[in-house]
Amino acid sequence: MSKAKRRSSHPLPDARDDIQRADDLPDTPQTRSPTHRLAFVDNDFMCRDELRPVRLQLELLKTHMALEERGINSTVVMFGGARIPEPSRKEGARTKTLAELSHFYDEAREFARLMTLKSVESGNTEDVIVTGGGPGVMEAGNRGAEDAGGVSIGLNIVLPHEQAPNAYVTPDLSFNFHYFAIRKMHFLMRAKAITVFPGGFGTLDELFETLTLIQTRRMSQLPVLLFGEAFWRRIINWEALAAAGTISDFDLNLFSFVETAADAVKLIEVAEKSAE
């Protein structure tokens, strides 16, 4: 957007112009003082504890505005383990189980490819793949979208490890977060379907938060598809939760197990037709 267009909406000075004017002021003890900096370009000020509510708002707004400007209306979310290797690299996996789970990399990649073919038909505005932007299943998702000639979103977060965005995220749809909570909101705000591949604490957190939102009707019901029934039944005794009464029998219907990309696409298509 040009400066002329930005200025046309109001008669007040443009913020960018004032940043330049402030930079051009004479170098004096007064202009060097931190108190003289414009508040919105003062990193020390913006990082104060008291500014946390503002930073939360900015993280929500920046990504929201970018997706709105791209016209992205709906997304298909892919959660899954960062440590699941591509099959050609499974020999380097940390455990035998991770190596055995490597075929889910290919299923994630194929699922993203199939969904992105549909997304391309919409002009990359519907069914856009969104991942956490990292390695493993996330990389496979963004890679599959690239295979189909479409775009995909990466919602990265600053971590001590595994934080760099993978090479397949569409560059101008690669976002970085400080707050997990805001990142989670962006995963779900436009979601048409949620797919969950085998993973660890992060994947479990994302899965159970989604199920809780649907269970408590804080979020509309949508397909929640768990890839790899054997894995999920081995680590979670779903029926025991219902038998104990800590969840209802109906809650067991909030998700479905799938094994292949084709199975997942079919269930999403059935859900779409039911919603019409």
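Quick check on my filter: what residues within segment 210-220 are of a type outside the set (A, V, I, L, M, F, W, C), more than 22 Å from residue 260 (Cα to Cα) and surrounded by 15 or more Cβ atoms within 10 Å (Cβ to Cβ)?
Passing the criteria: only 215.
Collect the residues in segment 58-76 that are without any contact (Cβ under 8 Å) to a residue 60 or more places away in the chain and among the aliphatic types (A, V, I, L, M), keeping them in residue-number order.
58, 61, 65
Listed here are the residues, each with its yes/no results for (1) without any contact (Cβ under 8 Å) to a residue 24 or more places away in the chain; (2) surrounded by 11 or more Cβ atoms within 10 Å (Cβ to Cβ); (3) aromatic (Phe, Trp, Tyr); (4) not assigned by TED's automatic domain parsing to the domain that holds residue 186.
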site	(1), (2), (3), (4)
31	yes, yes, no, yes
40	no, yes, yes, yes
46	yes, yes, no, yes
50	yes, no, no, yes
78	no, yes, no, no
87	yes, yes, no, no
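Mind checking which residues of segment 221-246 are touching a residue at least 24 places away in the same chain (Cβ under 8 Å), assigned to a loop (DSSP other than H, G, I, E, B) and surrounded by fewer than 17 Cβ atoms within 10 Å (Cβ to Cβ)?
Within segment 221-246, just 221 meets the criteria.
Hey, residue 94 hits all of (1) farther than 27 Å from residue 64 by Cβ; (2) at pLDDT 95 or above but one; which does it fall short on?
Unmet for residue 94, out of (1) farther than 27 Å from residue 64 by Cβ; (2) at pLDDT 95 or above: (2).
Hey, can you tell me all the residues within segment 143-178 that are of a type in the set (S, T, N, Q), within 11 Å of the chain's Cα centre (by Cα) and either crowded, with 24+ Cβ neighbours inside 10 Å or part of a loop (DSSP other than H, G, I, E, B) (or both)?
Selection gives 152 alone.
Given the options 188, 117, name the one that is assigned by TED's automatic domain parsing to the domain that holds residue 257 and under 30 Å from residue 246 (Cα atoms).
188
Filtering segment 244-276 down to residues that are modelled with pLDDT of 95 or more and among the polar types (S, T, N, Q), which residue is farthest from residue 211 (Cα to Cα)?
Per the stated criteria, the residue is 260.
Answer with yes or no whether residue 189 is of a type in the set (A, V, I, L, M) and either under 27 Å from residue 150 (Cα atoms) or in contact (Cβ under 8 Å) with a residue 60 or more places away in the chain (or both).
yes
The values are calculated or read from the model by the stated rules, or taken from the named source; none is laboratory data. As the structure is a prediction and not an experimental result, all values here were calculated from the model. Glycine also receives a Cβ, built like all others from the backbone with ideal geometry; neighbour counts cover every protein chain displayed.
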